[in-house]
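The values are calculated or read from the model by the stated rules, or taken from the named source; none is laboratory data. From a predicted model like this one, the values you see are computed outputs, not experimental measurements. Neighbour counts are summed over all protein chains in view; Cβ atoms, including those assigned to glycine, are modelled from backbone coordinates with ideal geometry.
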């Protein structure tokens, strides 16, 4: 990066595709609607040459953008590798090839023309073609010496075009209506190849064929810039934020620049579109020269693809690709903030020499530190058992950060929001960490002073609805009432008489806190941390607002279930 490199105007507010220079597709194509994309490509002087030079993932995403049922003419221009990649990307769910999806792509290829359909079959590996006959329950390959009269009536039988084999399958099988056409196409594609495949299929186990299919597909996915499904979750491994930060502080010049990725992972214009980078990442990228920006773009595209596979396990879910992109960008930004101390110039130099996946895993590790504490609190408080111990937004924040892939509850930042998203800023993480720390202090009071535990709640005589609505504030108010009425700490549910007696003693005629209630509150909180005092004040303030000005005998316990534990009847 040169010292006088200008910052791209507005770059930080654009999407990653434009910012990284990965919008390699013509502007008329990138910004057009589905059918206009198709019209643009088919009206080119050499549409075949244009399609052939596309990365396989790029072609696939274009087909999905246009709509598979409208875009099928483009399959006539696709190479064998591109046709095979389309199946690898769209027809699998996790570890299994989905027959209906594969048949759909076969039909779309045939709709283009018969030659495209035959090329589609020829592009398939032998294991996939064999799987059609051994991986489908009830399908059997027999020799031509088996008489039709010997085949049970519930089975349909079809001869191969050369008469060497006879295929049987249940009449209600998904392939029963397709088998005559499928056999003709396969034999037209390559008769010698199919004879060898059928000879193997008579003896191979389905599990063995499926194992090889998955293994070969995994290798091809790596060439496309994806991890195999069995390896995809590794992208969420915990990194080493402290070690990475130490390397940056020791001197970025000692680290080698990023290298170009030798793979087909060049579809960044479509993979990274619609992902607005967080502020530091966007500002740092805008400072990079063209070459380091291109290297980072390739690495970032590969990272998004890995995250996409880890989150979905199904690459046909292209509508979730922007979600994967935002998740990747958020955690990269989190790691970048940590190693660069928020400095844009340092961050830009770091992007030239630190792989995005390292920053991503460092950011993920930072969230896990908070997540571990949140998970312990969820277990101790009863949140794992369905309770809502702390109230909003703390309960939602604890739930989000305690997930295997921690998320921010946006209500922590803006009370009007109720959604979850990845952490993208260290300040967001600090806000949630403070909530976790406060929740731990409040829970500690209940455990040490009041004997709270999820197991202790099981002994209380309350119904399921009351249990679901139970919060620590409810328990605190119940304990205060028991302390004033019976001079004993207890979470035991209150009767109607208990509620009235508490109200008479707890409030002045003007509805303010009485001295006995203040003393009881002080007795419970004592010298507890500030967070505990604030929690107790909120719990009592809700009590004052609800019944402080109400005549004790007029309080209906049926409507006080959120304030106290109320005994049945």
Inset, instruction - Considering every residue within region 336-352, establish whether at least one is surrounded by fewer than 24 Cβ atoms within 10 Å (Cβ to Cβ) and on the phi > 0 side of the Ramachandran plot. - result: yes
Inset, instruction - Looking for whichever is crowded, with 20+ Cβ neighbours inside 10 Å and not in a helix (DSSP H, G or I) here; the options are 38, 54. Which one fits? - result: 54
Inset, instruction - Quick one: in region 159-173, of everything that is within 42 Å of the chain's Cα centre (by Cα) and in contact (Cβ under 8 Å) with a residue 12 or more places away in the chain, which residue is surrounded by the fewest Cβ atoms within 10 Å (Cβ to Cβ)? - result: 171
Inset, instruction - Determine whether residue 44 is at pLDDT 70 or above and within 22 Å of residue 297 (Cβ to Cβ). - result: no
Legend entry - region 93-114 residues that are more than 17 Å from residue 318 (Cβ to Cβ), paired with ones that are buried (at least 16 other Cβ atoms within 10 Å of the Cβ) and modelled with pLDDT under 95 (beta carbon under 6 Å, 6 or more apart): 95/214; 95/229
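Matching residues to (1) closer than 18 Å to residue 200 by Cα; (2) in the same structural domain as residue 187 (by TED's automatic domain parsing); (3) in contact with a helix residue (DSSP H, G or I) (Cβ under 6 Å, 6 or more places away or on another chain):
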site	(1), (2), (3)
120	no, yes, yes
127	yes, yes, yes
134	yes, yes, yes
137	yes, yes, no
147	no, yes, no
151	no, yes, no
158	no, yes, yes
163	yes, yes, no
Inset, instruction - Answer yes or no as to whether residue 142 is assigned to a strand (DSSP E or B) and surrounded by fewer than 18 Cβ atoms within 10 Å (Cβ to Cβ). - result: yes
Legend entry - residue 497 being exposed (fewer than 15 other Cβ atoms within 10 Å of the Cβ), within 15 Å of residue 565 (Cβ to Cβ) and modelled with pLDDT under 90: no
Legend entry - Sole exception among (1) in a helix (DSSP H, G or I); (2) outside the structural domain of residue 391 (by TED's automatic domain parsing); (3) under 25 Å from residue 402 (Cβ atoms) for residue 439, by number: (2)
Inset, instruction - Kindly list the number of the only condition in (1) crowded, with 24+ Cβ neighbours inside 10 Å; (2) part of a loop (DSSP other than H, G, I, E, B) that fails for residue 327. - result: (2)
Inset, instruction - Collect the residues in region 65-88 that are assigned to a helix (DSSP H, G or I), at pLDDT 95 or above and surrounded by 20 or more Cβ atoms within 10 Å (Cβ to Cβ), keeping them in residue-number order. - result: 71, 72, 74, 75, 77, 82, 83, 84, 85, 86, 87, 88
Inset, instruction - For residues that are loosely packed, with under 15 Cβ neighbours inside 10 Å and without any contact (Cβ under 8 Å) to a residue 24 or more places away in the chain, scanning just region 535-550, find the one that is nearest to residue 513 (Cα to Cα). - result: 541
Inset, instruction - Filter region 445-464 down to residues that are without any contact (Cβ under 8 Å) to a residue 60 or more places away in the chain and not in a loop (DSSP other than H, G, I, E, B) and give me whichever is surrounded by the most Cβ atoms within 10 Å (Cβ to Cβ). - result: 446
Legend entry - Matching residues in region 467-490 - criterion: being modelled with pLDDT under 85, in a helix (DSSP H, G or I) and in contact with a helix residue (DSSP H, G or I) (Cβ under 9 Å, 6 or more places away or on another chain): 467
Legend entry - Which listed residue is part of a helix (DSSP H, G or I) and at negative phi, from 288, 321: 321
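For every residue, the table says whether it meets (1) surrounded by fewer than 16 Cβ atoms within 10 Å (Cβ to Cβ); (2) more than 21 Å from residue 395 (Cα to Cα).
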site	(1), (2)
468	yes, no
473	no, no
515	yes, yes
524	no, yes
Legend entry - Residue check, residue 534 in a helix (DSSP H, G or I) and out of contact with any helix residue (DSSP H, G or I) (no Cβ under 6 Å at 6 or more places or on another chain): yes
Inset, instruction - With a cut-off of at least 3 residues that are outside the structural domain of residue 475 (by TED's automatic domain parsing) and touching a residue at least 40 places away in the same chain (Cβ under 8 Å), name the helices (runs of 4 or more DSSP H) lying wholly within region 335-436. - result: 344-353, 356-381
Inset, instruction - Being assigned to a loop (DSSP other than H, G, I, E, B), more than 27 Å from the chain's Cα centre (by Cα) and surrounded by 17 or more Cβ atoms within 10 Å (Cβ to Cβ) is the filter here, so list the residues in region 174-225 that pass it. - result: 175, 204
Inset, instruction - Answer yes if at least one residue in region 484-492 is within 35 Å of the chain's Cα centre (by Cα) and either surrounded by 21 or more Cβ atoms within 10 Å (Cβ to Cβ) or assigned by TED's automatic domain parsing to the domain that holds residue 552 (or both), and no otherwise. - result: no
Inset, instruction - State whether one or more residues within region 273-280 are surrounded by fewer than 20 Cβ atoms within 10 Å (Cβ to Cβ), within 27 Å of the chain's Cα centre (by Cα) and not in a loop (DSSP other than H, G, I, E, B). - result: yes
